[in-house]
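Notes to accompany the following structure.
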Amino acid sequence: LARYPGRAVRRATFVDEPVLVESAGVLAPADESATSSIDAADALAARVCAENPWARRVPVVLTSVRATVVGGPGDAAAALVDASGHGRLLTADTDVWRLLALTGGHPVDAFVELEAGRLRPLSAVVGGEVLTV
C-alpha cells in the first residue's frame, strides 16, 4: 500500500494488484478504530473531525452489533444496535434486507463507516467468515 500524506482519516492506494493470501475470519484493525459501542464510535468520529474538519466518513469496527428495524409502519428504519442498546440508523443506500439475511439479526462484528450520524455497513463477521454486506 502507498499512503497519502495527511491527518485522519488516512487514505491509501494499492501499489500492486491485491492478492488474498488467507482469510482470517476476524476484523482486526491496526489502530484505535476498533470500538465495542456506538458511543465509542461517536467519540472516535468527534476526534477525527476535530483533527480534520473535511472528513466526511470515519471507518470504525464495531463489535457485537445487531441489525434491526426500528419504528412502526410508515416510519420504519434500519439500524445497528450495540450490546448496551444504543443504536444508529443506517444510511439510505444500505441494503438492509441483505444485512438481515446474512446476520439473522444476531450480534456480529462489523466494519462500518460513520457518516453524518448514520452507519454504512461494509462487512461483517458471520460464522467465522468476513462477508461483504
How many of the residues making up region 78-112 are touching a helix residue (DSSP H, G or I) at 6+ places or on another chain (Cβ under 9 Å) and assigned to a helix (DSSP H, G or I)?
-> 0
Just need a number here: residues in region 50-77 that are assigned to a loop (DSSP other than H, G, I, E, B) and touching a strand residue (DSSP E or B) at 6+ places or on another chain (Cβ under 7 Å).
-> 4
What pairs come up if the first residue lies in region 65-77 and is open to solvent by 60 Å² or more (accessible area, probe 1.4 Å), the second is among the aliphatic types (A, V, I, L, M) and part of a loop (DSSP other than H, G, I, E, B), and their beta carbons are under 8 Å apart, counting only those six or more places apart or on different chains?
-> Val69/Ala76
Here are some conditions: (1) of a type in the set (A, V, I, L, M, F, W, C); (2) assigned to a helix (DSSP H, G or I); (3) farther than 30 Å from Gly6 by Cα. Val125 meets all but one. Which one does it not meet?
-> (2)
Inspect all residues belonging to region 83-101 and state whether any of them is more than 14 Å from the chain's Cα centre (by Cα), open to solvent by 60 Å² or more (accessible area, probe 1.4 Å) and either in contact (Cβ under 8 Å) with a residue 60 or more places away in the chain or at positive phi (or both).
-> no
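Could you run through region 1-49 and say how many residues are outside any loop (DSSP other than H, G, I, E, B), modelled with pLDDT under 85, within 23 Å of Ser84 (Cβ to Cβ) and open to solvent by 100 Å² or more (accessible area, probe 1.4 Å)?
Here is the first cut: in region 1-49, the residues outside any loop (DSSP other than H, G, I, E, B) are 2-3, 12-13, 34-35, 38-49.
Pick out the ones that are also modelled with pLDDT under 85 and you get 2-3, 12-13, 34-35.
Cutting the leftovers down to within 23 Å of Ser84 (Cβ to Cβ) gives us 34-35.
Filter again for open to solvent by 100 Å² or more (accessible area, probe 1.4 Å), leaving none.
Residues that pass the stated criteria total 0.
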Mind checking which residues of region 113-133 are more than 17 Å from Thr68 (Cβ to Cβ) and touching a helix residue (DSSP H, G or I) at 6+ places or on another chain (Cβ under 7 Å)?
-> Leu114, Leu131
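The values are calculated or read from the model by the stated rules, or taken from the named source; none is laboratory data. Small disclaimer: the values here were computed from a predicted structure and weren't measured. Using ideal geometry, Cβ is built from the backbone for each residue, glycine included, and neighbour counts are taken over all protein chains shown. Note: areas computed on protein heavy atoms with side chains; ligands, DNA, RNA excluded. Shrake-Rupley method; radii C 1.70, N 1.55, O 1.52, S 1.80 Å.
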